[in-house]
Amino acid sequence: MGNCCSDEMGGGGGHAGRHSVGPAAAAAAAAAEAASAAADRFLRSRGAGASTQVELSLSASNLGDQEFFTKSNPMVIVYSKSKEGALEELGRTEVILNSLNPSWNARINVHYQFEVYDIDPQFHDVNEKMLKLEEQQFLGEAVCLLSEVITKQNRLLTLKLGVSEHNLPNPSKFGELNVQAEESAGSKAIMEMVFRCSDLEIKDLLSKKSGVPVPICKTEVRKNDLNPKWKPENPLIIECFNFSSNGKHDLVLKSQVYVEKYLENNRQTFLDYISAGCQLNFMVAVDFTASNGNPRLPDSLHYIDPTGRPNAYQRAILEVGDVLQYYDPAKRFPSWGFGARPIDGPVSHCFNLNGSTYQPEVEGIQGIMSAYISALRNVSLAGPTLFGPVVSTATAIANQSLANNQQKYFVLLIVTDGVVTDFQETIDAIIKASDFPLSILVVGVGGADFKEMEFLDPNKGERLESSTGRVASRDMIQFAPMKDAHGSGISTVQSLLAEIPGQFMTYMRTREIQAIS
């Protein structure tokens, strides 16, 4: 939201803004060619997140004039708002003298992450650095989310200034605030180095050496080559090992390593795709198995509290949906249930929450909530817990979008209270889904032991392998128990969300899909 004030003496001017920055979380694939598991774990352990620096440019038009003899002299102050509501000043613009249509030259740097941001601009008319805001006259306010700015194709959002709790001498006219976001140049910079070796020492009896830099990333294996030249990578530390299938690689580099080629250029970023019109489409699947308990009883995970307090399923949907909804202009979300028996029907492992036979989409997050509550009244909880049908249905939607050349990326949220029973079918469906523009977030609710679900987390388990021996083409699924998300500190659900931009960019880069305005 934003406020506007004016000094009775006609001195300087000011504008304040805030954004609610959700918890930072480690994540993101490092390389376009899909980094190895070792490199991926290394980056995650050091907090490599999907974040970037964004510069906010600010201007206003037709500001309300609270001065009698001169025009206001506005200035902008931008604040960061913590989850607890505390404000911290991020920066200030210069003062624009005697203007009701100011355009500030100073840029405000904001650390953007894949979360909801609330921009709170306040206008003041004060001296630039030593201002006392409580002494200034309020001129107007506006409310927006940073994601609303980012998702505009030109990243420019115009806000109508208004008033809430302040009494203004001239409340009939407030004007407009223009907020424009630009990604900092440094966020797009990429360095590329090509390495080569010569005269490697032979340690294998029957073959020549293979070069493998670790742990930042791994190159491809160059078999039977004592003068290997690897494809471009971007490691920070270089060690050359002799590859062994048992994982015990021998350090063998006793010759020189050369930088064959060094390049610096800019690459497209997550925000480039979003501002070019690429959409993130939210999808939901809810576990209706009997282990959740009778929905009519307070101890059930599906119990609908008459006071309006959301249950664990609703919390998970709200936490993820409240972020993703702003990246989908249509806000029509496919929503399914699984593990329940519809009235006079067999158990279904993928049914539309809204009760429709053919149309799974609902309108907005509130539409998901309404369909979920309605489904609880119209199905009988059953079982077992199967993910395969839901994942396959979501993959089919992503496949159809791809066939229609739509710039869309899908995020499926599965909320469950137990361990899947169709392990291999689920793995087969996930590996197939990895070829399509889709990420899967699995959130476990309730007090079950979810240790067996760690097979879904590539950071804790081994690489997923299908029944035919195929492995996933990229990392696109994450699991976390909800019970870890609501203690003190970082929300696990929000940590899962922080994985999405990295998975998105891995898909786009490996398939050489460009952001097209």
* **Selected residue (criterion: farthest from the chain's Cα centre (by Cα)) from residues of the range 369-397 that are open to solvent by 40 Å² or more (accessible area, probe 1.4 Å) and β-branched (Val, Ile, Thr)** => Ile373
* Of all residues making up the range 398-411, the number that are surrounded by fewer than 20 Cβ atoms within 10 Å (Cβ to Cβ) and either in contact with a helix residue (DSSP H, G or I) (Cβ under 7 Å, 6 or more places away or on another chain) or among the β-branched types (Val, Ile, Thr) (or both) -> 1
* List every residue pair whose Cβ atoms sit under 9 Å apart, with the two residues 6 or more apart in sequence or on different chains, where the first one lies in the range 143-171 and is at pLDDT below 70 and open to solvent by 40 Å² or more (accessible area, probe 1.4 Å) and the second, anywhere, is among the β-branched types (Val, Ile, Thr) and not in a loop (DSSP other than H, G, I, E, B). => Val143/Ile119
* **Per-region count, the range 332-346, residues open to solvent by 20 Å² or more (accessible area, probe 1.4 Å) and at pLDDT 95 or above** => 1
* Six or more apart or on different chains, Cβ under 9 Å: which pairs go from a residue in the range 407-419 that's under 18 Å from Leu496 (Cβ atoms) to one that's assigned to a strand (DSSP E or B) and among the acidic types (Asp, Glu)? Could you list them? => Ile414/Asp287; Val415/Asp287; Thr416/Asp287; Asp417/Asp287
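Only one residue in Gln366, Gln424 is open to solvent by 60 Å² or more (accessible area, probe 1.4 Å), in a helix (DSSP H, G or I) and under 17 Å from Val320 (Cβ atoms). Which one? Full working, then the answer.
Details: Gln424 fails: under 17 Å from Val320 (Cβ atoms).
The match here is Gln366.
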* Failed item, numbered, when Tyr326 is tested on (1) hydroxyl-bearing (Ser, Thr, Tyr); (2) open to solvent by 60 Å² or more (accessible area, probe 1.4 Å); (3) closer than 11 Å to Val284 by Cβ -> (3)
* Asked: Within the range 483-500, how many residues are in a loop (DSSP other than H, G, I, E, B) and at pLDDT 55 or above?
  -> 3
* Quick check: anything in the range 461-474 within 25 Å of the chain's Cα centre (by Cα) and modelled with pLDDT of 90 or more? -> no
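The values are calculated or read from the model by the stated rules, or taken from the named source; none is laboratory data. Quick caveat, the model's predicted, so the values are computed rather than measured. Every residue, glycine as well, gets a Cβ built from its backbone with ideal geometry; the counts of neighbours run over all protein chains shown. Areas reflect the complete protein model, heavy atoms only, side chains present, ligands, DNA and RNA absent. Shrake-Rupley method; radii C 1.70, N 1.55, O 1.52, S 1.80 Å.
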